[in-house]
Amino acid sequence: MNNIRILIADDHPLMREALKTALADENDLIVVGEASNGLEAISLAETQHPDVILMDLLMPGMDGLEAITRLAEADPGVKVLVVTSLEDEEKVTAAIQAGALGYFPKTAPRTFLLEAIRKVADGVPYLPAGIAKKLFHSLRNMRAAAPARSAVDEPLTARQEEILSLLGEGRSDQEIGGILHLTEATVRSHVHRVVQRLGLKNRAQAVAYANRKRGKEG
């Protein structure tokens, strides 16, 4: 199993230490940096190239949401797992829209944290059942948002449609590559082009778009 390089961004030293302790016995999870605010997280992400960023939302200076937005704008393939004490659906939605690929409450067990990190590292969105249920009940009473309009007049290619469909199934880059006989780097390149062609901001929005599309076609 390949090592997963992790950057921790939290303004509380005790929380950063607790997260490092939780990961210490996992040989494949390597902490490569610590940040106490959003600006530090962005700077360290540029130099350390983490596979997953564990991001708190409430931090001084630049908060987590702003940092996620900037990270996703610079790299639509960035993989951010929000680790926070905030569990209301408004914050969850805002984090996902900003570009986070997962959302994890600080009160949840360590084993779930390890699962969340590994899923996000594989490009699979992660939401604990409790938060997913809250979000579902919040969204079911809202009118479905209209699908994002393409920023480009050209339709997706057949290959890009395949990639988008598999994203909607929650497939990781590795799984998509295995199904379509492509390298992970090629899959990431296709995902990036799909995001651009649909006029979206990041992978998480592409997953949401694919699910809306599948719901209409179903």
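Summary of computed values
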{"read-out": "All positions within the range 71-90 that are touching a helix residue (DSSP H, G or I) at 6+ places or on another chain (Cβ under 9 Å), more than 18 Å from K119 (Cα to Cα) and surrounded by fewer than 19 Cβ atoms within 10 Å (Cβ to Cβ)", "value": "A74, D75, L86, E87, D88, E89, E90"}
{"read-out": "Candidate set from the range 88-109 (those that are within 18 Å of R5 (Cα to Cα) and in contact (Cβ under 8 Å) with a residue 60 or more places away in the chain); member that is farthest from the chain's Cα centre (by Cα)", "value": "A100"}
{"read-out": "Lone unmet requirement of (1) under 30 Å from S189 (Cβ atoms); (2) out of contact with any strand residue (DSSP E or B) (no Cβ under 8 Å at 6 or more places or on another chain); (3) aliphatic (A, V, I, L, M) for V80", "value": "(2)"}
{"read-out": "Subset of the range 11-53 (residues that are within 12 Å of L81 (Cβ to Cβ) and of a type in the set (D, E, K, R))", "value": "D51"}
{"read-out": "Residue in the range 178-186 that is aliphatic (A, V, I, L, M), modelled with pLDDT of 85 or more and within 20 Å of A100 (Cα to Cα) present", "value": "no"}
{"read-out": "V31 being within 12 Å of A98 (Cβ to Cβ) and part of a strand (DSSP E or B)", "value": "no"}
{"read-out": "Close pairs from the range 9-20: first touching a residue at least 40 places away in the same chain (Cβ under 8 Å), partner among the basic types (K, R) and surrounded by 15 or more Cβ atoms within 10 Å (Cβ to Cβ), Cβ under 9 Å, at least 6 apart", "value": "A9/R16; D10/R16; M15/K106"}
{"read-out": "Meets criteria (modelled with pLDDT of 85 or more, closer than 19 Å to L19 by Cβ, among the acidic types (D, E) and in the same structural domain as K20 (by TED's automatic domain parsing)) for E115", "value": "yes"}
{"read-out": "Test for P60: is it part of a loop (DSSP other than H, G, I, E, B) and over 26 Å from T111 (Cβ atoms)", "value": "yes"}
{"read-out": "Any chance R16 is in contact with an Asp or Glu (Cβ under 9 Å, 6 or more places away or on another chain), modelled with pLDDT of 90 or more and in a helix (DSSP H, G or I)", "value": "yes"}
{"read-out": "Qualifying positions in the range 59-105 - closer than 18 Å to V195 by Cα and of a type in the set (V, I, T)", "value": "I68, T69, V78, V80, I96"}
{"read-out": "Subset of the range 52-68 that is touching a residue at least 40 places away in the same chain (Cβ under 8 Å) and surrounded by fewer than 21 Cβ atoms within 10 Å (Cβ to Cβ) - its residue that is nearest to the chain's Cα centre (by Cα)", "value": "L58"}
{"read-out": "From the options E40, E73, E90, residue that is of a type outside the set (V, I, T), assigned to a helix (DSSP H, G or I) and in contact with a Ser or Thr (Cβ under 9 Å, 6 or more places away or on another chain)", "value": "E90"}
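For every residue, the table says whether it meets (1) of a type in the set (S, T, Y); (2) assigned to a helix (DSSP H, G or I).
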| position | (1), (2) |
| --- | --- |
| L182 | no, no |
| T186 | yes, yes |
| V191 | no, yes |
| V195 | no, yes |
| G199 | no, no |
| A206 | no, yes |
| Y209 | yes, yes |
| R212 | no, yes |
| G215 | no, yes |
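The values are calculated or read from the model by the stated rules, or taken from the named source; none is laboratory data. Remember, it's a predicted structure, so these values are computed and weren't measured experimentally. Positions of Cβ are generated from backbone atoms using ideal geometry, with glycine treated the same way; all protein chains shown enter the neighbour counts.
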